[in-house]
Amino acid sequence: RHGRSSRLRIAPHFCPAEHWRLAMSQLARLVAAAAMGSFLLALAGAAVALRLESACGKWVQLGNAVAGAVLLAVALAHMLPECARDLEPWSSALGRSLHSEEFPLGSGLFGAGFFLIL
């Protein structure tokens, strides 16, 4: 008798499966609302870009230049060091085959890709 009274008793109207279904339903609605909001925001951005392009082409050129600069800055600051670290074994192997010091393969590939785009 003592063991029974110390157990946790769940109220008869509480159903864990129903609670889980309700939580998943709310999560599904939240995800759907976030997806719809992102889509509408992207659509509004496209409409603004089309309106600016028809109004003044110089603003579009300026926006493209700024976007390119941000992309280049992110690539140089964040991606290049990680690439150089990941290619370090290949760099040292290439340097040994060329009978020189370690060749900066990550930086070399980054520079070659940049100049190929130009």
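The values are calculated or read from the model by the stated rules, or taken from the named source; none is laboratory data. Here the structure is a predicted model, which is why all the values come from computation and not from measurement. Please note: Cβ atoms are built from the backbone with ideal geometry, for glycine as well, and neighbour counts cover all protein chains shown. Areas reflect the complete protein model, heavy atoms only, side chains present, ligands, DNA and RNA absent. Shrake-Rupley method; radii C 1.70, N 1.55, O 1.52, S 1.80 Å.
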*Does any residue in the stretch 28-52 that is within 23 Å of residue 64 (Cβ to Cβ) come within less than 7 Å, Cβ to Cβ, of a residue that is assigned to a helix (DSSP H, G or I) six or more places away or on a different chain, and which pairs are these?*
52/59; 52/60
_Just to verify a result, which residue in the stretch 84-118, among those that are modelled with pLDDT of 85 or more and charged (D, E, K, R), is farthest from residue 71 (Cα to Cα)?_
88
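Pick from 68, 63: which is among the small types (Gly, Ala, Ser) and under 30 Å from residue 103 (Cβ atoms)? Steps first, answer last, please.
Numbers: 63 fails: under 30 Å from residue 103 (Cβ atoms).
Only one candidate qualifies: 68.
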*Single match in 17, 11, 34 (criterion: surrounded by 10 or more Cβ atoms within 10 Å (Cβ to Cβ) and either hydrophobic (A, V, I, L, M, F, W, C) or at pLDDT 85 or above (or both))*: 34
*asked:* Quick check on my filter: what residues within the stretch 41-73 are β-branched (Val, Ile, Thr) and surrounded by 11 or more Cβ atoms within 10 Å (Cβ to Cβ)?
replied: 60
*Can you name the condition, by its number, that residue 106 falls short on among (1) in contact with a Ser or Thr (Cβ under 6 Å, 6 or more places away or on another chain); (2) open to solvent by less than 60 Å² (accessible area, probe 1.4 Å); (3) not β-branched (Val, Ile, Thr)?*
(1)
*Only one of these conditions is not met by residue 101: (1) open to solvent by less than 90 Å² (accessible area, probe 1.4 Å); (2) not in a helix (DSSP H, G or I). Which number is it?*
(1)
*Within the stretch 19-77, count every residue that is in contact with a helix residue (DSSP H, G or I) (Cβ under 7 Å, 6 or more places away or on another chain) and either of a type in the set (Lys, Arg) or within 30 Å of residue 111 (Cβ to Cβ) (or both).*
1
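Filter the stretch 82-98 down to the residues that are in a helix (DSSP H, G or I) and open to solvent by 70 Å² or more (accessible area, probe 1.4 Å) and list them by number. Give the steps one after another, and end with the answer.
Within the stretch 82-98, the first condition is being in a helix (DSSP H, G or I), and the residues that meet it are 82-86, 88-97.
Result: 82, 85, 86, 88, 89, 90, 96, 97.
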